[in-house]
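Read through the structure below, which is laid out as structure tokens, and then see the notes.
The values are calculated or read from the model by the stated rules, or taken from the named source; none is laboratory data. This one's a predicted model, so the numbers in the text were calculated from it and none came from an experiment. Heads up, the Cβs are rebuilt from the backbone with ideal geometry, glycines too, and the neighbour counts pull from every protein chain shown.
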Amino acid sequence: MLLTSIYVMLGLALALGALLGIAALLFKVEGDPLIARIDAILPQTQCGQCGYPGCKPYATAIAKGEADINQCPPGGDAGVHALADLLGVEYKPLNAEHGLPKPKSVALIDEATCIGCTLCIQACPVDAILGASKHMHTIIASECTGCELCVAPCPVDCISMVPLAETPDNWKWKYPVFPIKALPANSGKAPS
Amino acid sequence: MNNIIQFASKLIKNLATTTASEVHRFNGGVHPEEHKQESTTRPIAQLPIPETLTLPLRQHVGYIPKLKVKVGDYVLKGEMLAEAEGTVSAAIHAPTSGTITAIAEAVIPHPSGLPDMCVTLTPDGKDQWKPLAPIDWKNTAHSELITSLRTSGIVGLGGATFPTHIKLRKDGASAIHTLIINAAECEPYITCDDMLMRERPDEITQGIAIAQHLLGAAKVVIGIEDNKPEAAQAMNTASQALANAVVTTVPTLYPSGDARRLIHLLLGVEVPHHKRATEVGIQVFNVATVLAIYRYFTFGEPSVSRIVTVTGNVASPQNFEVLLGTPMPLLMAAAGGAKPDTTHFVMGGPMMGFDLPSLNVPVTKAANCIIAASPALFAPPPPAQPCIRCTRCADACPVNLQPQELYWFAKSDNFEKARDYNLFDCIECGCCTYVCPSNIPLVQYYRYAKSEIIALDKAKEAADLARERNDFRLARIEREKLERAQKHAERAANARNREANPELEESDKAASNASTVEAKKAAIAAAVERAKALKLAAANNDAASTSTDQPAVAGPSSAEVKPDSDAQAKIDKKALIAAAMERAKAQKLASAQAGAAPKNTENLSAKVKAEIDEIEAIRTKALQMVKNKAPD
């Protein structure tokens with residue numbers, strides 16, 4: 001009786017072990033899904049303000065525990081909250097060392113000043129600059145992430161960051177707010 | 001089991017016996033004060049041509065059309081100013097003849113109050129139509145009619161402004177069996193469709209016939225609210241001319257004019273929330289839209305005017321037929337002017353309309369009604385109180401949503417949950433706000449949440465694109481690095497090989513020498529061939545351009561008869577040089593014609609200018625030397 005139960009348990013253990021082994025092979029996950037999930041939250045500006053050469057390396061660093069979650073100014077407060085939720089850690093306000101959140105802008109090349117040095121093209125992390133050596137360059141505005149990485153290398157300072165203007169296309173309905181009315185001082189108790 | 005079968009059979013029976021005269025109530029809805037009598041006492045009036053017309057390019061849902069005119073152009077009435085670009089887009093036409101005086105940003109009737117691109121037209125007062133081309137719609141191919149309709153600028157005139165040509169397209173997905181004409185006009189104050197039906201029922205009927213033909217719909221149901229008996233009577237009489245058309249009056253209950261609510265009312269069909277009405281074989285058109293279709297096909301007139309109700313706090317509320325682009329102050333003046341206690345103006349109805357940023361905006365295709373608002377008509381809402389979870393909003397919601405839940409989610413920025421609760425099915429009809437005992441502006445919260453979600457989705461899309469492009473760039477850099485390394489390795493390996501067996505190198509060299517000699521020979525032969533051809537051409541040219549009595553010195557015939565190869569080569573060389581000189585001359589001439597100096601020599605910095613001067617000096621020096629040498 002005793003032996004039978006041991007055999008049964010052993011058999012079960014072997015069978016389940018084999019099943020798990022097969023499952024591990026069949027459903028093998030390539031790469032770290034956590035990195036991809038962190039990367040999905042990051043704004044993909046590729047600006048490097050976090051101190052890493054792009055959003056993916058920063059995501060990798062967060063996943064490894066090497067970087068803090070509050071180093072991404074373009075992601076803003078909402079980004080930190082989302083990362084805190086995902087990783088189950090405490091929310092921290094943005095670290096000012098890495099810069100402050102700015103309104104979304106796109107780079108603009110002053111085409112009359114551009115000398116066609118291609119330095120900005122090499123700096124652009126998303127290939128959003130069009131041009132060739134000794135030919136005028138221009139920014140593809142729809143692809144520009146506003147990372148500002150092209151601004152510093154320009155030898156003639158012809159790149160400026162232009163904040164995106166509000167148009168009827170991107171205009172948003174505002175959160176309902178109610179104007180506060182000043183009541184006469186002798187009106188008694190404030191309405192609840 | 002029996003119960004289920006009974007229930008199912010009852011359902012089927014219900015569906016089968018459904019006739020158009022039966023009305024299927026939807027859930028919820030409200031019945032605000034109608035205020036329709038004020039503006040129905042007077043007939044539709046024509047407004048004179050104003051001094052200027054301002055036409056926003058954004059007058060419809062979809063892409064902004066592409067401008068086709070420039071400042072200073074003279075246009076005739078009905079001429080296209082901007083053409084539809086992209087699938088969902090509509091053209092803009094000149095509402096009268098005149099001159100384009102400006103193309104600039106101006107405030108448009110939009111809840112944002114932001115300026116947008118507008119074309120300003122100064123009429124010449126002649127109101128002269130362009131040559132109009134009516135279309136024989138009965139004997140023209142469907143695709144041709146739709147392509148033509150794309151240039152008509154007609155959009156849904158009920159207020160949604162969806163380009164009409166898309167709604168009439170045959171995608172082959174599902175055939176339309178029923179065409180519904182939306183004449184419910186459920187919003188208070190608005191009477192433009194009512195008056196249109198009273199005054200022009202025959203034109204509307206003919207428009208319906210065209211729409212029915214284009215859609216291939218077997219049945220037509222015209223839905224009119226029972227507070228418009230005159231209109232229903234007129235349509236009933238006129239629609240006798242149509243095959244298989246029924247006028248059905250529906251009870252006055254806001255929002256019965258919403259397309260899905262009207263479909264439910266008239267046919268008892270609930271369109272699934274993730275599907276379009278066309279997917280279940282139903283298409284809905286507004287009365288004014290079918291009238292525009294009629295005028296386009298019968299007279300060739302594009303969309304240049306519309307009927308606007310001017311009502312509210314004005315002296316004599318009335319409907320006007322107005323050219324698009326007419327400034328709204330003119331409209332107000334025509335209705336006797338706004339009374340002094342008017343605080344603001346509302347475009348659209350009081351339930352779904354929005355406050356105009358100012359009255360100085362033009363009439364657009366969406367402007368069905370302008371209401372002058374005063375505290376007496378629209379009392380400012382009392383302060384919002386906390387939600388008491390009475391769920392009256394849920395009872396009133398015609399879309400069967402849970403407005404109170406949506407409110408909580410929108411208020412706490414919990415957008416994911418709001419989306420899960422089908423926020424995007426909300427038609428923003430305002431019934432929930434209307435019934436809320438706490439006076440919470442619920443629709444404002446939904447609009448806020450919707451636009452935040454749309455913005456987040458756009459940001460997500462942009463981030464995905466940026467990620468993809470960044471990944472691609474990194475992969476490209478990696479690949480280039482590898483390629484370079486490979487090339488280096490190859491070269492190094494070759495060098496090592498050569499060092500190891502110099503014999504191979506010798507033979508290699510010899511072979512390469514031989515091959516280069518071969519190549520050179522071939523090149524020379526080719527050049528000679530080219531020169532010959534050139535010479536021939538030049539001789540022919542000469543013969544043609546100068547007089548024929550001067551025989552070409554080095555004519556092809558003379559070359560042919562001379563077998564002496566040496567002389568031949570000499571002549572070839574001369575011809576080559578001559579040809580090259582000709583080419584250079586031609587180039588010079590061309591550049592002189594194009595503007596003597598190269599374009600990039602303007603606006604140079606001092607440094608570059610100095611450099612150019614230096615080179616210029618060297619060049620003149622060299623020329624001088626050559627000249628000095630020449631006499632020797």
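Of all residues in the stretch A:127-144, those satisfying the criterion of being under 22 Å from B:A462 (Cα atoms) and more than 11 Å from every other protein chain (Cβ to nearest Cβ) are A:I129, A:L130, A:T138, A:I139, A:A141. Looking only at the stretch B:387-410, residues that are surrounded by fewer than 16 Cβ atoms within 10 Å (Cβ to Cβ) and of a type in the set (A, V, I, L, M) come to 1 in all.
Here is a yes/no grid of residues against (1) surrounded by 16 or more Cβ atoms within 10 Å (Cβ to Cβ); (2) more than 10 Å from the chain's Cα centre (by Cα); (3) not assigned by TED's automatic domain parsing to the domain that holds B:A160:
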| site | (1), (2), (3) |
| --- | --- |
| B:L57 | yes, no, yes |
| B:K66 | no, no, yes |
| B:L76 | yes, yes, yes |
| B:E79 | yes, yes, yes |
| B:G86 | no, no, yes |
| B:A90 | yes, no, yes |
| B:T96 | yes, yes, yes |
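Of the helices (runs of 4 or more DSSP H) lying entirely inside the stretch B:380-482, those containing at least 2 residues that are over 20 Å from B:H273 (Cα atoms) and within 14 Å of chain A (Cβ to nearest Cβ) are B:403-411. Within the stretch B:102-129, the set of residues being surrounded by fewer than 16 Cβ atoms within 10 Å (Cβ to Cβ), assigned to a strand (DSSP E or B) and more than 12 Å from chain A (Cβ to nearest Cβ) comprises B:A102, B:A104, B:T122. Within the stretch A:145-180, the set of residues being surrounded by 16 or more Cβ atoms within 10 Å (Cβ to Cβ), closer than 15 Å to A:C47 by Cβ and away from every other protein chain (no Cβ under 13 Å) comprises A:E148, A:C150, A:I159, A:M161. Select, from B:G337, B:G312, the only residue that is surrounded by fewer than 24 Cβ atoms within 10 Å (Cβ to Cβ) and out of contact with any helix residue (DSSP H, G or I) (no Cβ under 7 Å at 6 or more places or on another chain). Answer to the selection: B:G337.
The set of residues in the stretch A:62-91 being surrounded by fewer than 16 Cβ atoms within 10 Å (Cβ to Cβ) and touching an Asp or Glu at 6+ places or on another chain (Cβ under 7 Å) consists of A:A84 alone. Just wondering, is there one or more residues in the stretch B:231-249 that are modelled with pLDDT of 90 or more, of a type outside the set (V, I, T), buried (at least 21 other Cβ atoms within 10 Å of the Cβ) and under 27 Å from B:V435 (Cβ atoms)? No, the conditions are met nowhere in the stretch B:231-249.
Of the helices (runs of 4 or more DSSP H) that lie entirely inside the stretch B:233-334, those containing 2 or more residues that are polar (S, T, N, Q) span B:287-299.
Residues checked against (1) within 24 Å of the chain's Cα centre (by Cα); (2) buried (at least 19 other Cβ atoms within 10 Å of the Cβ); (3) among the hydroxyl-bearing types (S, T, Y):
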site: B:D341; (1), (2), (3): no, no, no
site: B:F345; (1), (2), (3): no, yes, no
site: B:N360; (1), (2), (3): no, no, no
site: B:V363; (1), (2), (3): yes, yes, no
site: B:A367; (1), (2), (3): yes, yes, no
site: B:I371; (1), (2), (3): no, yes, no
site: B:A379; (1), (2), (3): no, no, no
site: B:Q385; (1), (2), (3): no, no, no
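Within the stretch A:112-126, if we keep just the residues that are within 13 Å of chain B (Cβ to nearest Cβ), surrounded by 13 or more Cβ atoms within 10 Å (Cβ to Cβ) and not in a loop (DSSP other than H, G, I, E, B), the residue that is farthest from the chain's Cα centre (by Cα) turns out to be A:I121. Restricting A:I109, A:I129 to residues that are within 30 Å of A:N70 (Cα to Cα), surrounded by 10 or more Cβ atoms within 10 Å (Cβ to Cβ) and modelled with pLDDT of 90 or more narrows the list to A:I129.
For the stretch B:578-632, filtered to residues that are more than 47 Å from the chain's Cα centre (by Cα) and among the polar types (S, T, N, Q), the residue that is modelled with the highest pLDDT is B:T620.
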